[in-house]
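Reading through the structure tokens given below for one structure.
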Amino acid sequence: MSPAPALTVEQSSSRIHELTVVDVRTPGEYASGHLPGAHNIPLDRLQQALPALRTASARGDLLVVCASGARSATACAVLAEHGITAATLEGGTAAWTERGHDLHRPAGARTAWAMERQVRLAAGSLVLLGLIAGRRRPAARLLSAGIAGGLVFSALTDTCGMARVLAQLPHNRPRPADLDATLAALAG
């Protein structure tokens, strides 16, 4: 299967009002800032959203975004498997802000850390814990070795098991009412 088409920041910004933008980051990341008019459907909820996304794509072009473009490319591949055409934003929201475009934030939403930052904190904390505990119990150093191995595997496969686990935390999960409202808006 060929990779999803990618739109540059310039192409996306000039067409932003005619695109249906779907942000596949966690709700916490979405609340920290998203493209104007973006709908939040976390990547792990994409299957549930397929009917609404099919309806939205029949009305116009879909643009799928995430922080860097990796999760949105995965989402586009899933959509393509179900006959839904979508493009990804080259470089994600990071590239969007680097080019001087603003991100919108929901009123009253608390800002969560980006998933990459959450992973770095968790991995670093576990490595440090393994090293400190390893001073008294040498076998505890295996925790640090396991995290290091997981990080290498993550880099080689461009996947992240720790991010999947962290995405299950309450601040990274959508409230059912929020997701239902998003799906209803997309089904229009």
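Read-outs: derived from the displayed coordinates by stated rules, not from any lab. On a predicted model such as this, the values are computed, not experimentally measured, just so you know. Neighbour counts are summed over all protein chains in view; Cβ atoms, including those assigned to glycine, are modelled from backbone coordinates with ideal geometry.
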Output ordering of 145-157, 120-132, 24-36, 42-54 (per-residue mean of other Cβ within 10 Å, highest first) is 24-36, 42-54, 120-132, 145-157
In terms of the charge dipole of the chain, which places +1 on Lys and Arg and -1 on Asp and Glu at the beta carbon, the residue among Gly146, Thr8, Trp113 farthest towards the positive end is Gly146
So the angle from the long Cα axis of helix 176-187 to the longest Cα principal axis of the chain, reported in degrees to the nearest 10, equals 30 degrees
Computed about the Cα centre, the charge dipole of segment 1-88 from +1 Lys/Arg and -1 Asp/Glu charges at the Cβ has a magnitude in debye, to the nearest 20, of 120 debye
Amide H contacts under 5 Å for Ala6, restricted to residues at least 5 apart in sequence or on another chain and with H modeled in the peptide plane, are Thr88
For log10 I(q)/I(0) by the Debye sum over Cα atoms at q = 0.08, 0.16, 0.20 Å⁻¹ the list reads (i) -0.29, -0.98, -1.40; (ii) -0.33, -1.02, -1.37; (iii) -0.37, -1.05, -1.31; the calculated value is entry (i)
To the nearest 20 debye, segment 87-158 has a Cα-centred charge dipole, built from +1 on Lys and Arg Cβ and -1 on Asp and Glu Cβ, of 620 debye
